[in-house]
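Take a look at the structure below.
The values are calculated or read from the model by the stated rules, or taken from the named source; none is laboratory data. Quantities reported herein were computed from a predicted structural model and do not represent experimental measurements. Reconstructed Cβ throughout: ideal geometry from the backbone, glycine too, with neighbour counts over all protein chains shown.
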Amino acid sequence: MFVKTVKSSELAEGKMKQVNVSGKVLMLANLGGKFYCNDDTCTHVGGPLSQGKLDGKEVICPWHASRFDVTTGKCKGGPAVKDLNSYKVRDKDGFIEVDL
C-alpha cells in the first residue's frame, strides 16, 4: 500500500529528508531526479542518516561514518554490517509516495 509523504518539490536533487510515515522514521533521497526511501536509522547505533552526507549514491552516517547505498539499502562500509530496509517509491500527482 502506497502512502503519501511530502510534495516532490520539497526534496531537491542531491538532498535527503526525514519523514514519519505510519509510525516509521524514513529517509527520502533524490538522486538525479529519482526518489528513494530507506529507514532513517543507521543499523550500527541508530544515527539519523538524513542528517548525514550523500557521496554519489551512498549516504554517510553522521555519527560513525557507516555507508549505505541509497538505491538498495545495502551496507557499503562499517562499522555497521546490517543493511537498511528499503521501500518502493513513486512520484504521483506531485507527491512522493512510499510502499509500506
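Data for the structure
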| read-out | value |
| --- | --- |
| Tabulated pairs, the range 88-100, first closer than 15 Å to residue 18 by Cα, second part of a loop (DSSP other than H, G, I, E, B) and not β-branched (Val, Ile, Thr), C-beta under 8 angstrom, 6+ apart or interchain | 96/11; 98/88 |
| First in the range 46-58 and hydroxyl-bearing (Ser, Thr, Tyr), second anywhere and surrounded by fewer than 15 Cβ atoms within 10 Å (Cβ to Cβ), Cβ under 7 Å, 6 or more apart | 50/18 |
| Qualifying residue in the range 20-34 (condition: in contact (Cβ under 8 Å) with a residue 60 or more places away in the chain, in a loop (DSSP other than H, G, I, E, B) and of a type in the set (S, T, N, Q)) | yes |
| Hey, residue 81 among the β-branched types (Val, Ile, Thr), more than 21 Å from residue 97 (Cβ to Cβ) and modelled with pLDDT of 95 or more or not | yes |
| Count - residues of the range 35-53 that are part of a loop (DSSP other than H, G, I, E, B), on the phi < 0 side of the Ramachandran plot and not aliphatic (A, V, I, L, M) | 6 |
| Selection within the range 1-19 - in a strand (DSSP E or B) and of a type in the set (Ser, Thr, Tyr) | 5 |
| Some residue of the range 70-91 being buried (at least 19 other Cβ atoms within 10 Å of the Cβ), among the acidic types (Asp, Glu) and outside any loop (DSSP other than H, G, I, E, B) | no |
| Answer from 94, 56 - the residue that is on the phi > 0 side of the Ramachandran plot, modelled with pLDDT of 95 or more and touching a Ser or Thr at 6+ places or on another chain (Cβ under 8 Å) | 94 |
| Positions within the range 59-69 being in contact with a helix residue (DSSP H, G or I) (Cβ under 8 Å, 6 or more places away or on another chain) and either in contact (Cβ under 8 Å) with a residue 24 or more places away in the chain or assigned to a strand (DSSP E or B) (or both), in sequence order | 59, 68 |
| Complete set of residues in the range 1-29 that are closer than 18 Å to residue 71 by Cβ and charged (D, E, K, R) | 13, 15, 17 |
| Subset of the range 1-31 (residues that are modelled with pLDDT under 95 and over 14 Å from the mean Cα position of the chain (by Cα)) | 1, 22, 23 |
